[in-house]
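The values are calculated or read from the model by the stated rules, or taken from the named source; none is laboratory data. Owing to the predicted nature of the structure, the values given are computational and were not obtained by experimental measurement. Here the Cβ is made from the backbone with ideal geometry for all residues, glycine too, and neighbour counts use every protein chain on show. Heavy atoms of the whole protein, side chains included, go into the accessibility calculation; ligands, DNA and RNA do not. Shrake-Rupley method; radii C 1.70, N 1.55, O 1.52, S 1.80 Å.
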Amino acid sequence: MKKHIPNLITLMNLFCGCVAVIFAVLNQLELTAFFVFLGVLFDFFDGFAARMLKVQSPLGLQLDSLADMVTSGLVPGIVMFQLLAMSMSGGWNVDLSSEAAGDTFWVGLKVAPLPFLGFLITLASGYRLAKFNIDAEQQSSFTGLPTPANTLLILSLPLILLYHNNDFLNGIILNQWFLISVTLLSAFVLNANIKLFALKFKNWGFKDNAVRYIFLIVSLVLVITMKFVAIPVIIVFYIISSLLSKQ
């Protein structure tokens, strides 16, 4: 029975991704972010449960990537579609929490093709996950930015718009060239040949996990002091820390 527990947790990730897709299409990006964050938590704990119960399996690996393809592949592509459409149809004047949910999605269809560039993130995520499944070396480290981390980066943009309501930040985030640059950079970093450490603890000793403990402590401080603006900063810090630690 215990061998099924990690897979059930993975399926909860997939379920959260499916719900997030619905809210993303409806342009309810706050709820989208909530279910994505929940899915990312399930994504972390399924692997943790598999290691603790010693029931890791090829099926679990494949199922994990299939779930990530929805939660951390399709969802960020739709969110970037919405942001690009928003940047072309009134910017911050479009109310992310209005009852007229989904308006910018249909506006995006009318002003095609630019908003569809957002799905480059989905394509790059699919390619990255496929490579991960056949790469036996990505156990204690990753090659390229993991899809959940990239998804948190993309989802942080509408959350900054909603909760910080800073004219300067709003102007940057809803600038078409900024969004295009983020999309292209996201697709590149997902599949870049750079080694990034994984948050997998083989033991709890500080010496063997110094970079992980430091990263988690700094990330917590950043979230407390900067709220959602901290997420892009944390992703950059993650990449820099990995490069400096040579893991």
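Structure notes:
- Test: residue 155 is surrounded by 17 or more Cβ atoms within 10 Å (Cβ to Cβ), modelled with pLDDT of 90 or more and not in a helix (DSSP H, G or I): no
- When residues of the range 184-204 are limited to those that are at pLDDT 90 or above and among the polar types (S, T, N, Q), the one surrounded by the fewest Cβ atoms within 10 Å (Cβ to Cβ): 193
- Taken together, 38, 109, 59 contain a single residue that is open to solvent by 50 Å² or more (accessible area, probe 1.4 Å), modelled with pLDDT of 95 or more, assigned to a helix (DSSP H, G or I) and out of contact with any strand residue (DSSP E or B) (no Cβ under 8 Å at 6 or more places or on another chain), which is 38.
- When each of 129, 216 is tested for being at pLDDT below 95 and in contact with a Ser or Thr (Cβ under 6 Å, 6 or more places away or on another chain), the lone residue that passes is 129.
Conditions tested, residue by residue: (1) part of a helix (DSSP H, G or I); (2) modelled with pLDDT of 85 or more; (3) loosely packed, with under 15 Cβ neighbours inside 10 Å.
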position: 206; (1), (2), (3): no, no, yes
position: 224; (1), (2), (3): yes, yes, yes
position: 228; (1), (2), (3): yes, yes, no
position: 232; (1), (2), (3): yes, yes, no
position: 243; (1), (2), (3): yes, yes, yes
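- Within the set 66, 26, the sole residue that is among the hydrophobic types (A, V, I, L, M, F, W, C), closer than 30 Å to residue 85 by Cβ, in contact with a Gly (Cβ under 7 Å, 6 or more places away or on another chain) and modelled with pLDDT under 95 turns out to be 26.
- Sub-8 Å Cβ pairs linking a first residue in the range 236-247 that is more than 20 Å from residue 151 (Cβ to Cβ) to a second residue that is at pLDDT below 85 and in a helix (DSSP H, G or I), at least 6 apart or interchain, are 245/211; 247/211, ordered by first then second residue.
- Test: residue in the range 2-12 that is open to solvent by 50 Å² or more (accessible area, probe 1.4 Å) and within 24 Å of residue 153 (Cα to Cα): yes
- Scanning the range 20-35 for residues being in contact with a Leu (Cβ under 8 Å, 6 or more places away or on another chain) and either open to solvent by 60 Å² or more (accessible area, probe 1.4 Å) or β-branched (Val, Ile, Thr) (or both) gives a total of 3.
- Subset of the range 159-176 (residues that are in contact (Cβ under 8 Å) with a residue 12 or more places away in the chain and in a helix (DSSP H, G or I)): 159, 160, 161, 162, 163, 169, 170, 173, 176
- Within this structure, residue 50 fails the test of being open to solvent by less than 20 Å² (accessible area, probe 1.4 Å), among the aliphatic types (A, V, I, L, M) and closer than 23 Å to residue 231 by Cβ.
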